Amino acid sequence: MLIRAATHADLPAILAIYNDVIATSTAVYALEPVSLEDRTAWYEGRLAQGYPVLVAEDQGEVVGFSSFGEWRGAWHGFRFTVEHSVHVRADQRGKGVGAQLVEALFPLALALGKHVIIGGIDAENAGSVRFHERLGFQTVAHFSEVGHKFGRWLDLVFMQRFLDAPGAERN
């Protein structure tokens, strides 16, 4: 498994993974598939902000991707916190791909001076909650019925992980 920076050539595979997640799960609360133009704008936006987009490649195929971006970016006081996303192709889940993709984000975020990384997870997705716990994330918030998809209300949990020591100095 190779974890590397994504390129424009990877965007169709990223799009396919993302649209499958939208169609089949509550991992993303989007209701409709997105276009290649949308994923291109997302990718270029992340890069313009200096944030990574990574892919996991197995035997020449993209099997997952991860990234992070601003968390509540409207306020400068949150500049040391990022929110990540990670998605793995359905046939590759449970094989450690997601863990490699998220773990690869930690040193990149730390190198950018980030202190905390946040994950927003559907509360019913016990597998994703356990996955994040194994990576050192802790549940810090539970929001009831803030999403609606597949005809039902969805709860969202926020999980966080410190990238350096709690209370570490920042200017």
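Looking only at residues in the range 75-100 that are surrounded by fewer than 18 Cβ atoms within 10 Å (Cβ to Cβ) and of a type in the set (D, E, K, R), which one is farthest from residue 65 (Cα to Cα)?
Filtering the range 75-100 for residues that are surrounded by fewer than 18 Cβ atoms within 10 Å (Cβ to Cβ) and of a type in the set (D, E, K, R), the one farthest from residue 65 (Cα to Cα) comes out as 79.
Considering only the range 101-113, I want to know if a residue exists there that is open to solvent by 30 Å² or more (accessible area, probe 1.4 Å), in contact with a helix residue (DSSP H, G or I) (Cβ under 9 Å, 6 or more places away or on another chain) and in a loop (DSSP other than H, G, I, E, B).
No - not one qualifying residue is present in the range 101-113.
Tell me yes or no: at least one residue of the range 61-73 is under 19 Å from residue 3 (Cα atoms) and exposed (fewer than 13 other Cβ atoms within 10 Å of the Cβ).
The answer is yes; a qualifying residue exists.
So the check is Cβ under 6 Å with 6+ separation or different chains; which pairs have a first residue in the range 17-39 that's at negative phi and modelled with pLDDT of 95 or more and a second one that's part of a helix (DSSP H, G or I) and aromatic (Phe, Trp, Tyr)?
Cβ pairs passing all conditions: none.
Output yes when any residue across the range 55-69 is over 21 Å from residue 17 (Cα atoms), of a type outside the set (A, V, I, L, M, F, W, C) and either at pLDDT 95 or above or over 15 Å from the mean Cα position of the chain (by Cα) (or both), and no when none is.
no
The values are calculated or read from the model by the stated rules, or taken from the named source; none is laboratory data. Keep in mind the model is a prediction, meaning the values are calculated, not measured. Here Cβ is always computed from backbone atoms with ideal geometry, including for glycine, and neighbour counts include all displayed protein chains. Just the protein is used for accessible areas: all its heavy atoms, side chains included, with ligands, DNA and RNA removed. Shrake-Rupley method; radii C 1.70, N 1.55, O 1.52, S 1.80 Å.
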